[in-house]
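Each remark here refers to the structure printed beneath this line.
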Amino acid sequence: MRRVLQVGVGPLGRMIVEALHRSGVGVVAGAIDPDPAIRGKRLSDLVHDHGAIDPVVVGSIDELALDEGFHAAIVSTSSSLAACAPTFRQLLGFGTAIVSTCEELLFPWLRHRDLAAELDALARETGGRLLGTGVNPGFLMDTLPVVASAVCTDVRGAVIERVQDATTRRVPFQKKIGAGLTPQEFAKRCADGSLRHVGLGESLHFVAHYLGVRIDAWTESIEPVIAGAELECGLGQILPGQAAGVQQIARGMLNGRDIIRLEFVAAIGQPDPHDRIRIDADPPIDLVLRGGVHGDLATTNIVINSLPCIIDAPPGLHTMATVRPVRAISATTPLPGSRLAHHILS
């Protein structure tokens, strides 16, 4: 059985643990979370379907038993690359293959060029591998458009939309999009940076880079989606006039003209949820996923499905365009070993 180290045992981390066990691909053999309310508990205290191994959640990598061995690590702790960097450095020091849901890691050269170079150099030196992924960013608004362009030539631009009904999403996500806030509260949280979909700019630059479309400027805007009627969600009641969610738009421009446009909408009760990719190329592409893709389920699945791809990749900092194509996997899918499986902490 493939042994995985799970770093971060919050709501998303617990979903990943359960999905990993159900897939039969592996089992969480070690778990880390510094939260005092979680640290010291057994995984079975937090996750019902946790698998055959029941590790105690420790507060740091230093607390792991010296004889443990892992095929890979999953890090689901923060959207911020700077916040995740100490964990990445320590794991890469052991030659670890890492998949992370850190949104800024999708295309880290946008905001953290020096840090990206440092992590890449460390990974190459130790034999480690590092990949940022998720459903968005990580696939629907960046990797999928790039893959869809495989049948095209002369790509001139793209418009990519993701519209979600957030009613069925986990409560932390509903909080993240500002559901239930007054317009004034929404504006205040936008101003202090605590309310935004992280990664839209990274998706924009991922698409521009891998489609070979030149942009010389970019902007990002954020506005509330205002409820026109009374709504219910995991946070409780949303009254008319309050925020039901968020609309965020990123625009990549050349000579003042829009070349790439990404529009992200996530709101409670949003009608006509869908994911749509339009590529201006020869031939043009217009790809629509009716009903959209459920973000929580898709995030856990793509993280697990990426494990064999990053383990099998050469050492270094990777993106979803530099590992072999990610696909659905099962217990019978070969999962190569990594250096960490043989010598972690030895």
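The values are calculated or read from the model by the stated rules, or taken from the named source; none is laboratory data. Please read these numbers as outputs of a predicted model, since none were measured by experiment. Every residue, glycine as well, gets a Cβ built from its backbone with ideal geometry; the counts of neighbours run over all protein chains shown.
Among residues of segment 172-226 being among the β-branched types (Val, Ile, Thr) and at pLDDT below 95, the one that is surrounded by the most Cβ atoms within 10 Å (Cβ to Cβ) is ILE177. ALA281 satisfies every condition listed in (1) in the same structural domain as THR96 (by TED's automatic domain parsing); (2) touching a Cys at 6+ places or on another chain (Cβ under 9 Å) except (1). As a summary of the residue check, GLN270 satisfies the conditions (1) modelled with pLDDT of 95 or more; (2) surrounded by 13 or more Cβ atoms within 10 Å (Cβ to Cβ); (3) not in a helix (DSSP H, G or I) except for the one numbered (1). Looking at ASP272, ASP312, just one residue is over 17 Å from ALA148 (Cβ atoms) and in contact with a Pro (Cβ under 9 Å, 6 or more places away or on another chain), and that residue is ASP312. I'd like to check something: does segment 66-77 contain any residue that is touching a residue at least 40 places away in the same chain (Cβ under 8 Å), of a type in the set (Phe, Trp, Tyr), assigned to a helix (DSSP H, G or I) and surrounded by 18 or more Cβ atoms within 10 Å (Cβ to Cβ)? No, the conditions are met nowhere in segment 66-77. Scanning segment 1-24 for residues that are surrounded by fewer than 22 Cβ atoms within 10 Å (Cβ to Cβ), of a type in the set (A, V, I, L, M) and within 21 Å of GLY295 (Cα to Cα) turns up LEU12, MET15, ALA19.
Hey, can you tell me all the residues within segment 3-31 that are in a loop (DSSP other than H, G, I, E, B) and either without any contact (Cβ under 8 Å) to a residue 60 or more places away in the chain or of a type in the set (Lys, Arg) (or both)?
Hit for segment 3-31 is VAL9, nothing else.
Restricted to segment 157-171, and to residues there that are at pLDDT below 95 and either of a type in the set (A, V, I, L, M) or in a loop (DSSP other than H, G, I, E, B) (or both), the residue that is surrounded by the most Cβ atoms within 10 Å (Cβ to Cβ) is ALA166.
When LEU122, LEU110, LEU115, LEU144 are screened for being surrounded by fewer than 24 Cβ atoms within 10 Å (Cβ to Cβ), of a type in the set (A, V, I, L, M, F, W, C) and in a loop (DSSP other than H, G, I, E, B), only LEU110 passes.
Among the residues of segment 293-311, is there at least one that is touching a helix residue (DSSP H, G or I) at 6+ places or on another chain (Cβ under 7 Å), of a type in the set (Val, Ile, Thr) and over 29 Å from SER76 (Cα atoms)? Within segment 293-311, not a single residue is touching a helix residue (DSSP H, G or I) at 6+ places or on another chain (Cβ under 7 Å), of a type in the set (Val, Ile, Thr) and over 29 Å from SER76 (Cα atoms). In the condition set (1) touching a residue at least 24 places away in the same chain (Cβ under 8 Å); (2) in contact with an Asp or Glu (Cβ under 7 Å, 6 or more places away or on another chain), LEU239 is compliant with all but (1).
Within segment 250-257, is there a residue that is in the same structural domain as GLU161 (by TED's automatic domain parsing), farther than 14 Å from LYS176 by Cβ, out of contact with any helix residue (DSSP H, G or I) (no Cβ under 9 Å at 6 or more places or on another chain) and among the small types (Gly, Ala, Ser)? Yes, segment 250-257 contains at least one residue that is in the same structural domain as GLU161 (by TED's automatic domain parsing), farther than 14 Å from LYS176 by Cβ, out of contact with any helix residue (DSSP H, G or I) (no Cβ under 9 Å at 6 or more places or on another chain) and among the small types (Gly, Ala, Ser).
Scanning segment 322-337 for residues that are at pLDDT below 60 and of a type in the set (Gly, Ala, Ser) returns a single hit, GLY337.
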